[in-house]
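The values are calculated or read from the model by the stated rules, or taken from the named source; none is laboratory data. Every value quoted in this text rests on a predicted model; they were computed, and no experiment measured them. Cβ sites come from the backbone with ideal geometry, for glycine too, and all protein chains shown count toward neighbours.
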Amino acid sequence: MQLHHEKDLVVNNKELLYKGIFRSDDVFRVVNQAIKHKGYTKREKRNEELVAEAGTQSYIELRPFKEVTSYVTFMIKIKIIFDKVTETTEEIDGIKRKFQNGDVKVVFDSWLLGDYQSRWGMQPWVFFVKGLINKYVYTFPTESGFKSQLSGDTVYLYAQIKKLLDSYKFESGKVVQEKDVIEQIAEEFGVRESEEKNKPNNADGIWKDWQPKD
């Protein structure tokens, strides 16, 4: 991934918390599938594990990225933390299955990386003034569209992980619907729907024309 002169934090420290049974291999499988589905290239930054008396603690940091154009790249920093993890066995539908039990914390930071200076051949002072205008006065349509896309990608990743973790609860055999999860996360991320309605069963379409709140 090339060096970028402009970095804009679009999603800041969005946390997903869970406590209970889970399977770490399921979590990583869902994360990898979601990253691939959205067209990102997987990149692992850190992978650490510590065994303590209270249980195992693991820290994994991923930084998948997607080159949208020759001058714009999306990067989502995903920190996955498993804490106080122990092995357990649960009986599901009369069948005993092995799980892990503990605390799960997933943190998202999404960055819009740009290289407008090289693209337009801007002088340093012009590039600086454009950045100030774009941040505090007026958001150019192109940049706004990129932010919306990046927010939507982040919401999708968040929703896929949350749906998986919620499925472990097995409350009265309730099936967690992806559409319901994504709509719930929309409020948490501060994203609003455009006036044009999309088909309710199209999870990706929900975010096509949505814009982040100021």
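Here are a few things to note about the model shown:
- Only one entry of Thr69, Thr73 meets the criterion of being closer than 17 Å to Gly39 by Cβ and outside any strand (DSSP E or B), and that entry is Thr69.
- Residue in segment 107-129 that is surrounded by the fewest Cβ atoms within 10 Å (Cβ to Cβ), counting only those that are modelled with pLDDT of 95 or more and in contact with a Lys or Arg (Cβ under 7 Å, 6 or more places away or on another chain): Val107
- Taking each residue of segment 134-155 that is under 12 Å from Ile76 (Cα atoms) and looking for partners that are at pLDDT 90 or above and among the basic types (Lys, Arg) with beta-carbon atoms closer than 9 Å, six or more apart or interchain, yields Leu150/Lys66; Gly152/Lys38; Asp153/Lys38; Asp153/Lys66; Thr154/Lys14.
- Residues that are in contact with a helix residue (DSSP H, G or I) (Cβ under 8 Å, 6 or more places away or on another chain), in contact (Cβ under 8 Å) with a residue 60 or more places away in the chain and surrounded by 12 or more Cβ atoms within 10 Å (Cβ to Cβ) do occur in segment 38-52, at least one of them.
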